[in-house]
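Structure, as structure tokens:
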Amino acid sequence: TQARRKLVAGNWKMNGDMAALAELDAIAAAAALHPHVDVAICPPFTLIAPAAARTALPIGAQDCHARASGAHTGCVSAAMLVEAGARLAIVGHSERRADQHESDAEVRAKAEAVMAAGMIAILCVGETEAERDAGRAEDVVAAQLAGSVPPGAKADALVIAYEPVWAIGTGRTPTPGDVAAMHAGIRTRLRALLGPEADGVRILYGGSVKPANAAELLGLPDVDGALVGGASLKAADFVPIIAAA
Ligand code: PEP
């Protein structure tokens with residue numbers, strides 16, 4: 001296996017204003033003390049340009065339209081994100097799969113647009129609680145990967161985030177054994193889809209990562225980092241997670 005640098009990425013969701021960029025400064029200062037870890041923050045669209053202008057920390061978007069331009073009211077293209085200073089973009093977050101009814105095919109098209117623009121795509125997959133209870137978690141994630149990972153994706157442009165829907169914002173997490181099993185399963189699926197390139201793709205865990213559980217989760221095999229929601233808003237919560245990586 002190739003060495004994979006850990007990535008700790010924050011997803012601010014629909015939170016944050018100009019004043020919140022002070023947290024970004026604190027996060028950037030702490031990240032500089034941990035040069036072996038990649039750190040990124042994905043603020044709302046409105047903060048991408050001001051965030052990118054004030055920090056060397058990679059700034060990302062939380063979504064990206066698949067098309068380059070056109071009649072898509074309210075949407076933002078990959079080139080627009082790049083111009084604003086974004087270097088990565090989350091695609092297929094479960095909140096968008098649910099709220100905006102995004103399909104695997106749409107998520108794949110978005111990931112392709114992100115990569116074609118020279119950004120890193122953080123592609124999210126994960127099962128619902130009902131799917132896990134029904135014993136279908138691995139099958140659901142496998143189907144999401146088959147439907148949404150772009151063929152020919154390169155390891156330096158693709159990151160997978162495994163985020164069980166029932167663990168997001170709930171304070172609940174899967175057992176370490178369940179996380180390790182899912183990440184190993186994802187690696188196997190990626191090898192089938194991408195060949196040897198899959199060994200360089202980072203697989204993040206996401207869902208209620210916090211300072212108290214970060215070291216355990218980030219120490220699991222095939223867990224190459226974390227996608228962090230709530231605990232990425234404040235440097236006091238996010239910095240210990242970076243340190244744990
Ligand atoms: C997320 O939505 O990407 C996430 C991981 O959220 P939280 O950390 O708040 O559970």
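Exactly one residue among ALA29, ALA78 is farther than 17 Å from GLY229 by Cβ and either within 16 Å of the ligand (Cβ to nearest atom) or surrounded by fewer than 17 Cβ atoms within 10 Å (Cβ to Cβ) (or both), and that residue is ALA29.
Before we move on, is ALA111 buried (at least 20 other Cβ atoms within 10 Å of the Cβ) and within 19 Å of LEU193 (Cα to Cα)? Criteria met by ALA111. Test each condition in (1) away from the ligand (no atom under 16 Å from the Cβ); (2) within 22 Å of PRO58 (Cβ to Cβ); (3) among the aliphatic types (A, V, I, L, M) for LEU190 and report the one that comes out false. Only one criterion in (1) away from the ligand (no atom under 16 Å from the Cβ); (2) within 22 Å of PRO58 (Cβ to Cβ); (3) among the aliphatic types (A, V, I, L, M) is unmet by LEU190, namely (2). Scanning the stretch 164-183 for residues that are small (Gly, Ala, Ser) and assigned to a loop (DSSP other than H, G, I, E, B) yields GLY169, GLY171.
Restricted to the stretch 164-186, and to residues there that are over 13 Å from VAL141 (Cα atoms) and among the hydrophobic types (A, V, I, L, M, F, W, C), the residue that is surrounded by the fewest Cβ atoms within 10 Å (Cβ to Cβ) is ALA180. Within the stretch 201-232, the set of residues being assigned to a loop (DSSP other than H, G, I, E, B) and near the ligand (Cβ under 9 Å from one of its atoms) comprises GLY207, SER208, VAL209, LYS210, GLY229. Of the set (1) more than 16 Å from the ligand (Cβ to nearest atom); (2) within 26 Å of ALA244 (Cβ to Cβ), all apply to ILE41 but (1).
Of the residues making up the stretch 30-74, those that are closer than 25 Å to ALA117 by Cα, of a type outside the set (A, V, I, L, M, F, W, C) and part of a loop (DSSP other than H, G, I, E, B) number 13. Screening THR170 with (1) touching a residue at least 40 places away in the same chain (Cβ under 8 Å); (2) farther than 19 Å from HIS183 by Cα; (3) within 16 Å of the ligand (Cβ to nearest atom) gives one miss only, at (1). Taken over the stretch 125-156, the criterion of being small (Gly, Ala, Ser), assigned to a loop (DSSP other than H, G, I, E, B), touching a residue at least 40 places away in the same chain (Cβ under 8 Å) and surrounded by fewer than 18 Cβ atoms within 10 Å (Cβ to Cβ) is satisfied by GLY152, ALA155.
Per-residue answers, yes or no, for (1) of a type in the set (A, V, I, L, M, F, W, C); (2) out of contact with any Gly (no Cβ under 7 Å at 6 or more places or on another chain); (3) surrounded by 22 or more Cβ atoms within 10 Å (Cβ to Cβ); (4) under 25 Å from ALA20 (Cβ atoms):
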residue	(1), (2), (3), (4)
GLY195	no, yes, no, no
GLY207	no, yes, yes, yes
GLU216	no, yes, no, no
LYS234	no, yes, no, yes
ALA245	yes, no, yes, yes
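Does the stretch 91-99 contain any residue that is in a loop (DSSP other than H, G, I, E, B), touching a Leu at 6+ places or on another chain (Cβ under 6 Å) and without any contact (Cβ under 8 Å) to a residue 60 or more places away in the chain? Yes, the stretch 91-99 has at least one match.
Residues in the stretch 12-29 that are out of contact with any Pro (no Cβ under 7 Å at 6 or more places or on another chain) and either without any contact (Cβ under 8 Å) to a residue 24 or more places away in the chain or part of a helix (DSSP H, G or I) (or both): ALA19, ALA20, ALA22, GLU23, LEU24, ASP25, ALA26, ILE27, ALA28, ALA29.
Values quoted throughout were computed directly from the atomic coordinates according to the rules given, and no laboratory measurement underlies them. Values in this document were obtained by computation on a predicted structure and should not be read as measured data. For neighbour counting, all protein chains shown are included, and Cβ atoms are generated from backbone atoms with ideal geometry for every residue, glycine included.
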